[in-house]
1. Quick one: would you say residue 447 is crowded, with 18+ Cβ neighbours inside 10 Å, touching a helix residue (DSSP H, G or I) at 6+ places or on another chain (Cβ under 9 Å) and not in a loop (DSSP other than H, G, I, E, B)?
2. Answer with yes or no whether residue 509 is under 27 Å from residue 367 (Cβ atoms), out of contact with any helix residue (DSSP H, G or I) (no Cβ under 6 Å at 6 or more places or on another chain) and crowded, with 17+ Cβ neighbours inside 10 Å.
3. Mind telling me which of the residues 125, 112, 120, 159 ends up being over 14 Å from the mean Cα position of the chain (by Cα) and buried (at least 23 other Cβ atoms within 10 Å of the Cβ)?
4. I'm trying to understand the selection: among the residues of region 342-354, which are touching a residue at least 12 places away in the same chain (Cβ under 8 Å) and surrounded by fewer than 21 Cβ atoms within 10 Å (Cβ to Cβ)?
5. Mind telling me which of the residues 331, 434 ends up being outside any loop (DSSP other than H, G, I, E, B), out of contact with any strand residue (DSSP E or B) (no Cβ under 6 Å at 6 or more places or on another chain), modelled with pLDDT under 95 and surrounded by fewer than 21 Cβ atoms within 10 Å (Cβ to Cβ)?
6. Quick check on my filter: what residues within region 85-94 are surrounded by 14 or more Cβ atoms within 10 Å (Cβ to Cβ) and in a loop (DSSP other than H, G, I, E, B)?
7. Within the group 495, 535, 519, which residue is surrounded by fewer than 16 Cβ atoms within 10 Å (Cβ to Cβ) and within 28 Å of residue 438 (Cβ to Cβ)?
8. Is one or more of the residues making up region 479-498 in contact with a helix residue (DSSP H, G or I) (Cβ under 7 Å, 6 or more places away or on another chain), part of a loop (DSSP other than H, G, I, E, B) and over 29 Å from residue 41 (Cβ atoms)?
């Protein structure tokens, strides 16, 4: 008998995580100087990227905390930003596109010819391509911030219906994801997709449209006060709408847009009268302009809005909810939000200084802030694929490659997070709906779907045209430190994939899975060594594969795996 450490009980019921509100920490923004172990590195990666791959964990373990954050924020060891190659036509087998050949980039070409639209196919192509950027992200926060901004400056792809508009919207958010918030706000304000989504392209002097003017203040910048009321007035919304009159979209690629599908300013549609704002904005008046200079009224409007402290406070609260925790109590507001907002304003609304202070802080690494957020569906599906090094088809078969990327997107959608299509302009409810916030991700419909997806990925996977994506449990286990020792294997897998500690009962059950209920650890060691020593022996391979599939499926089914 060589059994060590664990005593095997009856199979336990899956642990039930308490998702109730945690007591708040007293730690602040003082730079973190504590331990730098797998626990801290994993926490940083799971919050700033999708998943925490073993090679990334090992890479950052060799760095300091400050250097790790600097690299994730692209301050060191990153080349200048270059937009990734455009999404391709992967859909010609089902929808003929005379404007774009199979395997060629479709942005910049029309969506329809002869009354037949390719928008639906291109939208799906864009979402699949977007998922691929998450799956193949470098060691950077950019993709996580892109998702953050898409949930902040919301459009719904289903509503825009011009493929190049939505591509340029995604490209814009990615380009400015860790840049200047004020610059991004200006660019979003006159972005073609946003102009179409919130009717800005219809906004003219004779019929001002207030949709974007309202959301600009209520959702995108100022926000609401502690009582859920806007500090600005309805007159401010109307005045802002008049400032924004005259912006239009160009579908022709003609004289008003250098490469087509851009917005432009039409001074003949602009309200040239003065715009009076309320006491909240110090009774400021934006003097009406005419001709081409009238487009500059947008800058005057944003300068006025960004002069209010409420803007930096609103954005810092949203960043905190996204990266740390959903509950902002009085202590967090005073010790975290207010100082971050001051940093934001002092740095002219550059986002990196704020994120740098937050991600380097004692508060971020406080044990109470680890493993306390439920993974979003995209975090769950994309993160699992990255955590377990799932291999996707290469570009030799574009249709299959995109189809398997879309598998991840479609599974996330089934779990109530459809990339590019939040339910409304406020974004996904889990990021703002009190009192549940992130707990909305888990319910009687979505939790079984998470389990079904992870079970299948660890078992048969998903096959398209003979190419399978799956969690290759044997190949993954081979990458671990000492897989022949079941105790070491269990401890390493739990350390890599769980953000909260687990009890001995779980370890005991996992050991019983590897041992097939036998008493001796050598029962697993012998099975693994037989497999390693006899390449190509399907009997030995199937023995370890069967046990490992049960092992990993159970790990991914438990509530602990749903936490980040």
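The values are calculated or read from the model by the stated rules, or taken from the named source; none is laboratory data. Note that this is a predicted model, so its numbers are computed, not measured. Cβ sites come from the backbone with ideal geometry, for glycine too, and all protein chains shown count toward neighbours.
1. no
2. Here the answer is yes, as residue 509 does meet what is asked.
3. 125
4. Those that are touching a residue at least 12 places away in the same chain (Cβ under 8 Å) and surrounded by fewer than 21 Cβ atoms within 10 Å (Cβ to Cβ): 342, 343, 345, 348, 349, 350, 352.
5. Numbers: 434 fails: outside any loop (DSSP other than H, G, I, E, B).
Only one candidate passes the filter, namely 331.
6. Matches in region 85-94: 86, 87, 89, 90, 91, 92.
7. Every option except 495 fails the conditions.
8. Checked against the condition, which is being in contact with a helix residue (DSSP H, G or I) (Cβ under 7 Å, 6 or more places away or on another chain), part of a loop (DSSP other than H, G, I, E, B) and over 29 Å from residue 41 (Cβ atoms), region 479-498 yields no hits at all.
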